[in-house]
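Trainee: Provided herewith is a single structure, encoded as structure tokens, for subsequent inquiry.
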Ligand code: SF4
């Protein structure tokens, strides 16, 4: 009990720092891949600090409220995850958080952010099956949805769930809005719908969005780590190692691929989920 | 340490230009010049921008657009005119539709000369704009303080004299209703005349 409280507090306090640093490293490595010097490591923090100081112009006051709800639900998701509770419940709260983001951008009735929001929904449809498959996979392998039991299983889940793991890494690219799938909003320059889902977010609201993204990234990396950890404490080190590799892979994919059409993305992600995760779970069911 | 000048986000608007300067603005972001070193991001969204980079002159069609982009940017903000066209109208100055440089519609802070402006000059302009951006924050803080004070005094004044405040409001309301009645009758006359004309 006490351990879980400590890890929740650690998550709430440290996740923004870790998430910001991850983004800073991301931008630095991306720049190096493009043979640029790149911004300083702490650039994401400078950006957020500046956004909080700017004049607040918002189309509706409801947007701030909805974005705050998005932040709160995301923090709740991560807290539940690091407290070791039910993984299925975590994923449902995560979807609720995403819905608040959807409303925050449609409430402005700007055409750009509305298109961005509808694309965000398509992205949700694309990644949701793989997320559920991952939960089912954990249940089949470890006999429980409880995260603390999954984390203290005798062998790492990844050995029984290689296909599910691969599918999850694939959909994380969609979830993080990295390059082939940055269709609802883009981190690089601008796209055909201005800034998509964040078009109407300026100043404080954009800062809220960014901080929530940091919380989300840390949570997603936590799920990646959950595939690796077992009851041996040394497994946490290898989990960290796997997380670093996966994040580097995301950056590499981000820098080497062009944006996809949304329909293609839907087809591809469902095909990958069905083939990799589906067959993995099917075999597990046959064996057990 | 967390000064706002460390993260200037640029909005680039291409007015009535020959596209020479726009190519040079984009060249600033390429690996050779790498403007992102200074935290500069080329954003397409006025709501998120701090520095407005204008290339090309102002014509009668894009004047309202430029004005709106400027108004949509949250304070503190800086405007930087890149290239001779944006400074004065340049080679297009004598065209029938050109109003002149960017400063014909919005206040311009930094002028970057050149045809086309070189990337080095553009980055120099942005760096100057960034220093100004830091100063603008102080002005913005003052503005916020004044604005809040004024709102407070307005509210307290309204709370002190509720009856007096109501009377003129009632009068104006009456006056308005009279006005609107007159207008309506005028409109009715207008319609009648229109009908007559049709006949
Ligand atoms: S200043 Fe010269 S290069 Fe730049 S837009 Fe005008 S004509 Fe083109």
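Trainee: Would you mind listing the helices (runs of 4 or more DSSP H) fully within region A:1-98 where at least 3 residues are more than 14 Å from chain B (Cβ to nearest Cβ)?
Mentor: Working: elements: A:2-33, A:43-53, A:62-83.
Here the list reads A:2-33, A:62-83.
Trainee: Within region A:185-218, count every residue that is within 14 Å of chain B (Cβ to nearest Cβ) and either within 23 Å of residue A:15 (Cα to Cα) or touching a residue at least 24 places away in the same chain (Cβ under 8 Å) (or both).
Mentor: Summing the residues that are within 14 Å of chain B (Cβ to nearest Cβ) and either within 23 Å of residue A:15 (Cα to Cα) or touching a residue at least 24 places away in the same chain (Cβ under 8 Å) (or both) in region A:185-218 gives 22.
Trainee: Kindly indicate whether any position in region B:128-147 is closer than 18 Å to residue B:69 by Cα, touching a helix residue (DSSP H, G or I) at 6+ places or on another chain (Cβ under 6 Å) and more than 13 Å from the ligand (Cβ to nearest atom).
Mentor: Among the residues of region B:128-147, at least one is closer than 18 Å to residue B:69 by Cα, touching a helix residue (DSSP H, G or I) at 6+ places or on another chain (Cβ under 6 Å) and more than 13 Å from the ligand (Cβ to nearest atom), which makes the answer yes.
Trainee: Sticking with this structure for a sec: Can you spot a residue in region B:62-79 that is within 16 Å of the ligand (Cβ to nearest atom) and either touching a residue at least 24 places away in the same chain (Cβ under 8 Å) or buried (at least 20 other Cβ atoms within 10 Å of the Cβ) (or both)? Walk me through how you get there before you give the answer.
Mentor: Initially, region B:62-79 is screened for residues within 16 Å of the ligand (Cβ to nearest atom), giving B:62, B:66.
Then keep just the ones that are either touching a residue at least 24 places away in the same chain (Cβ under 8 Å) or buried (at least 20 other Cβ atoms within 10 Å of the Cβ) (or both); that gives B:62, B:66.
Yes, that holds for at least one residue.
Trainee: Inspect region A:173-181 for any residue being assigned to a helix (DSSP H, G or I) and farther than 30 Å from residue A:240 by Cβ and give the result as yes or no.
Mentor: Residues of region A:173-181 that are assigned to a helix (DSSP H, G or I), as a first pass: A:173-175, A:179-181.
This time we only want the ones that are farther than 30 Å from residue A:240 by Cβ, so: none.
Within region A:173-181 (the criterion being assigned to a helix (DSSP H, G or I) and farther than 30 Å from residue A:240 by Cβ), the answer is no, since none of the residues qualifies.
Trainee: How about region A:218-288: which helices (runs of 4 or more DSSP H) wholly inside it have at least 1 residues that are within 15 Å of the chain's Cα centre (by Cα) and within 27 Å of residue A:74 (Cβ to Cβ)?
Mentor: On the way: elements: A:235-256, A:262-272, A:279-287.
Answer list for region A:218-288: A:235-256.
Trainee: While we're on this one: From (1) within 14 Å of chain A (Cβ to nearest Cβ); (2) within 16 Å of the ligand (Cβ to nearest atom); (3) more than 27 Å from residue A:53 (Cβ to Cβ), pick out the condition that doesn't hold for residue B:53.
Mentor: Failed condition: (3).
Conditions (1) surrounded by 21 or more Cβ atoms within 10 Å (Cβ to Cβ); (2) closer than 23 Å to residue B:44 by Cβ, marked per residue:
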residue: A:10; (1), (2): no, no
residue: A:52; (1), (2): no, yes
residue: A:79; (1), (2): yes, no
residue: A:84; (1), (2): no, no
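Trainee: Answer yes or no: is there a residue in region B:39-46 that is surrounded by 17 or more Cβ atoms within 10 Å (Cβ to Cβ) and within 16 Å of the ligand (Cβ to nearest atom).
Mentor: The first filter runs over region B:39-46 and keeps only residues surrounded by 17 or more Cβ atoms within 10 Å (Cβ to Cβ), leaving B:39-46.
Remaining after also requiring within 16 Å of the ligand (Cβ to nearest atom): none.
Within region B:39-46, none of the residues are surrounded by 17 or more Cβ atoms within 10 Å (Cβ to Cβ) and within 16 Å of the ligand (Cβ to nearest atom).
Every number here is computed from the coordinates shown, using simple stated rules; none is lab data. Only a predicted model underlies this, so the values are computations on that prediction, with no experimental measurement involved. Positions of Cβ are generated from backbone atoms using ideal geometry, with glycine treated the same way; all protein chains shown enter the neighbour counts.
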